[in-house]
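The values are calculated or read from the model by the stated rules, or taken from the named source; none is laboratory data. Just so it is clear, the structure is predicted and the values come from calculations on it, not from any experiment. Note that each Cβ is placed from the backbone with ideal geometry, even for glycine, and that neighbours are counted across all protein chains shown. The accessibility values were calculated without ligands, DNA or RNA, using every heavy atom of the protein model including side chains. Shrake-Rupley method; radii C 1.70, N 1.55, O 1.52, S 1.80 Å.
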Amino acid sequence: ESREKLSVCSKLCYAVGGAPYQITGCALGFFLQIYLLDVAQVDAFYASIILFVGRVWDAITDPMVGFFISKTSWTRFGRLMPWIMFSTPFAIISYFLIWFVPDISTGQVIWYLVFYCAFQTLVTCFHVPYSALTMFISREQSERDSATAYRMTVEVLGTVLGTAIQGQIVGKVDTPCIGSPFFFGLSNSSVAMEELNMTHDTESLTDTRNAYMIAAGVIGGLYILCALILLLGVRERRESSELQSDEPVSFFQGLKLVMNHGPYIKLIAGFLFTSLAFMLLEGNFALFCTYTLGFRNEFQNILLAIMLSATLTIPFWQWFLTRFGKKTAVYVGISSAIPFLIAVVVLDSNLVVTYVVAVAAGISVAAAFLLPWSMLPDVIDDFKLQHPSSHGHEAIFFSFYVFFTKFTAGVSLGISTLSLDFAGYQTRGCSQPGQVNFTLKMLVSAVPVGLILLSLLLFKLYPIDEEKRRKNKKALQDLR
């Protein structure tokens, strides 16, 4: 066990590798919808298509990359590290181009669709091998759990950075809104709106668009820095995976075994609905703060409060799951968001109350970040005990977990943007119709609460409690 101990430096270098995915993912999750609608001025229907197709494609690439990783031979850098190394520069380029508004009258939708999908593919080539790396840094459960806690702290810190960089740079620029067309009279409203749109396009949006590109450049630089720290500071240990040969693993045979493993399916089902709830909240929160609560100039600070609260409470949840068990942490941590999600909608719009709700919601976000990645290695250990002769399926476990959560998130985000279109969303409006505000309330409160309750019911079926985990650890040590 002493030989398997990881140094604090190794854990930190490993943890830093999780930041790029979260920084870029958070910036895209919180700001891409409002960017497409109000800055790039893409029609809400087409924006929903971009968000839906991009997320679904992102989901599809996870098992694809997992398949190719399982076919990859070991090199002197390892089996996973070359994927991280070669995908990074191309990911930076495609990410920057997502936040660039092309000077073309037609084909704008294709532009965003192509570069959004390209970036999702390249960041998957980084994140799937990085996630699977958890099983290759140590054989000890306690060391992997400790490294995962370091990783989750840095990843949530990455979401803070993503929110802060994108929000503060973009928030410094005042983007004037457009008044309701009813102020111009119903007969000439369309003409007046068109003229006003042209005036504002030439004057106000240039600074806003530049701000988005500056933010993309800063985030791209952080992506490269974190990737370098990971590559230079972490050693991929072949012996930790117990692979004895370079024989390619049968992907489809491994996939069949993985999908027939009961604890894995139950864990996926539970966190599927949890992640859906938080994805809906993430995708629509900026619009909700801007229009429903009326905090147009405060939403970036409210988002920052959520993420700072989440970062500071990750160590608490690590202590809690160690003291009381992971299943108990799931029930307490994720359910704690419910009263605050209800309060933010039921109570009158009040900035102080909104900040209190944001801090409280961040505590639950921290639990939702930490627990899936802490519980997944336990499922893999359980699988190894049941299939001791089958090796090399770690990437399948991680990639398909991400696949299911991303696929359903893509569907939900596409539907939510489409719902806003049907409700009558007004691009860059100073206010929105009552139907839009009602739809936003449903998307950030009622629907997430229902999904969280459903996930808690599913976790009752998850079989790996603390006693089972200890037995598995002892059995694996005996097997080795």
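Of note:
- Taking the criterion of being among the basic types (Lys, Arg) and open to solvent by 40 Å² or more (accessible area, probe 1.4 Å), the residues of the range 3-27 that qualify are ARG3, LYS5.
- Within the set GLU242, GLU282, GLU247, the sole residue that is modelled with pLDDT under 85 and either closer than 23 Å to GLY162 by Cα or in contact with a strand residue (DSSP E or B) (Cβ under 6 Å, 6 or more places away or on another chain) (or both) turns out to be GLU282.
This table checks each residue for (1) touching a helix residue (DSSP H, G or I) at 6+ places or on another chain (Cβ under 6 Å); (2) open to solvent by 10 Å² or more (accessible area, probe 1.4 Å); (3) over 30 Å from ARG235 (Cα atoms).
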{"position": "CYS125", "(1), (2), (3)": "yes, yes, no"}
{"position": "VAL128", "(1), (2), (3)": "yes, no, no"}
{"position": "SER138", "(1), (2), (3)": "yes, no, no"}
{"position": "THR148", "(1), (2), (3)": "yes, no, no"}
{"position": "ALA164", "(1), (2), (3)": "yes, yes, yes"}
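- Checking each residue in the range 13-27 for being of a type in the set (A, V, I, L, M) and at pLDDT 90 or above picks out ALA15, VAL16, ALA19, ILE23.
- Some residue of the range 253-274 being of a type in the set (Val, Ile, Thr) and either at pLDDT below 75 or assigned by the TED database to the domain that holds PHE30 (or both): no
- Count - residues of the range 125-159 that are assigned to a loop (DSSP other than H, G, I, E, B) and among the charged types (D, E, K, R): 2
- Filter pass, VAL101 being among the aliphatic types (A, V, I, L, M), outside the structural domain of PHE398 (by the TED database) and in a loop (DSSP other than H, G, I, E, B): yes
- All helices (runs of 4 or more DSSP H) inside the range 415-480 with 3 or more residues being without any contact (Cβ under 8 Å) to a residue 24 or more places away in the chain and open to solvent by 50 Å² or more (accessible area, probe 1.4 Å): 434-441, 466-479
- The range 356-408, residues that are among the aromatic types (Phe, Trp, Tyr) and open to solvent by 10 Å² or more (accessible area, probe 1.4 Å): PHE369, TRP373, PHE400, TYR401, PHE403, PHE404, PHE407
- Which listed residue is over 23 Å from GLY434 (Cα atoms), surrounded by fewer than 22 Cβ atoms within 10 Å (Cβ to Cβ), over 18 Å from the mean Cα position of the chain (by Cα) and in contact (Cβ under 8 Å) with a residue 40 or more places away in the chain, from ASN297, ASN301: ASN301
- Among the residues making up the range 31-46, those that are assigned to a helix (DSSP H, G or I) and more than 14 Å from GLY414 (Cα to Cα) are PHE31, TYR35, ASP38.
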